[in-house]
1. Taking the condition of being over 26 Å from I89 (Cβ atoms) and open to solvent by 10 Å² or more (accessible area, probe 1.4 Å), how many residues in the range 135-152 meet it?
2. I'd like the residue in the range 153-176 that is assigned to a helix (DSSP H, G or I) and under 18 Å from the mean Cα position of the chain (by Cα) and, out of all such residues, is farthest from the ligand (Cβ to nearest atom).
3. What single numbered condition from (1) at pLDDT below 95; (2) farther than 22 Å from V14 by Cβ fails to hold for S162?
4. Inspect the range 24-39 for any residue being open to solvent by 30 Å² or more (accessible area, probe 1.4 Å) and in a loop (DSSP other than H, G, I, E, B) and give the result as yes or no.
5. Being part of a strand (DSSP E or B) and in contact with a helix residue (DSSP H, G or I) (Cβ under 7 Å, 6 or more places away or on another chain) is the filter; apply it to the range 43-69 and report the residue that is farthest from the ligand (Cβ to nearest atom).
6. How many residues does the range 77-103 hold that are free of Cβ contacts under 8 Å to residues at least 60 places away in the same chain and open to solvent by 20 Å² or more (accessible area, probe 1.4 Å)?
7. How many of the residues in the range 112-134 are open to solvent by less than 30 Å² (accessible area, probe 1.4 Å), under 16 Å from E73 (Cα atoms) and assigned to a loop (DSSP other than H, G, I, E, B)?
8. So for the range 10-30 (the condition being over 24 Å from L142 (Cα atoms) and touching a residue at least 12 places away in the same chain (Cβ under 8 Å)), does at least one residue qualify?
Amino acid sequence: MRQGSNSHSGFFVVFEGPDGGGKTTQSGRLFAHLEKLNYEVKWTREPGGTALADLIRKVVLHDTTHEISPRVEALLLSAARSQHVEEVIRPALQAGRVVVCDRFKYSTVAYQGGGSGLNVADLDGLNEFATDGLDADLVILLDIDPAEGLSRKLRLVGAGESETNKMELRGIKYQERVRRRFRMMASESPDRWLIIDGTGEADEIGDEISRRVMKELESRSIAPASASTGRLI
Ligand code: TYD
């Protein structure tokens, strides 16, 4: 039995979606917005977020010398995630911070489940184990047609602002299955997920995300550091 460790005094917001939907731009923007308002915020990403998890990221996304099966991929990503949760995410949440994370366990369900065809119930169990039951308070799905997402991503690569990874080379059909699985997760938990059309105008998307996050913070009485009295951060 897990310890039921979803209790914390912070706020955990995750950005998810197919490649090229603008997660990194929008998560960075939310981070900057909250920092400006004096919230205690941690901006992080997966795979990665700690030194060990960054090593695993390199192996899973860029190493071409080893054949990695979908199962091993799921296990490596889960190991990285577990380290990230223990070392970075949970301590920040327990200190009352806002954690903004670019991808989390939902990507494993979408990519290794939807994309590669691993059993989703198995992946749910693996996620539960790796995170010790941690769920996001809010998941923002930047939804985009994979063809559009991949061509956007390739433009960034061409401009030297990003690099391709192994997942993006798996083709449109793979990416379409990934997208379907993300949308399925969102429709199953509409209170936790906010679906946003990733092709919209960046400023408008940013404003919509900020409005929703501010509403969630207010409903939990999470205030900026300077406005809090007697709260240890
Ligand atoms: P991302 O950081 O969004 O890509 P980039 O920095 O290249 O823009 O994501 C890395 C890739 O890893 C992305 O294609 C999705 C994939 N991924 C999985 O397949 N499973 C997972 O559990 C995670 C977290 C990511």
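1. So the answer is 6.
2. Q175
3. (2)
4. Yes; the residues of the range 24-39 include at least one that is open to solvent by 30 Å² or more (accessible area, probe 1.4 Å) and in a loop (DSSP other than H, G, I, E, B).
5. In this case the residue turns out to be W43.
6. Of the residues in the range 77-103, the ones free of Cβ contacts under 8 Å to residues at least 60 places away in the same chain are 77-88, 91.
Keeping just the survivors that are open to solvent by 20 Å² or more (accessible area, probe 1.4 Å) gives 79, 82-83, 86-88, 91.
Counting residues in the range 77-103 that are free of Cβ contacts under 8 Å to residues at least 60 places away in the same chain and open to solvent by 20 Å² or more (accessible area, probe 1.4 Å) gives 7.
7. Number satisfying all stated conditions: 0.
8. no
The values are calculated or read from the model by the stated rules, or taken from the named source; none is laboratory data. Everything numeric here is computed off the predicted structure, so don't read it as measured data. Note: ideal-geometry Cβ built from the backbone for every residue, glycine included; neighbour counts use all protein chains shown. Only protein heavy atoms, including side chains, enter the accessible area calculation; ligands, DNA and RNA are left aside. Shrake-Rupley method; radii C 1.70, N 1.55, O 1.52, S 1.80 Å.
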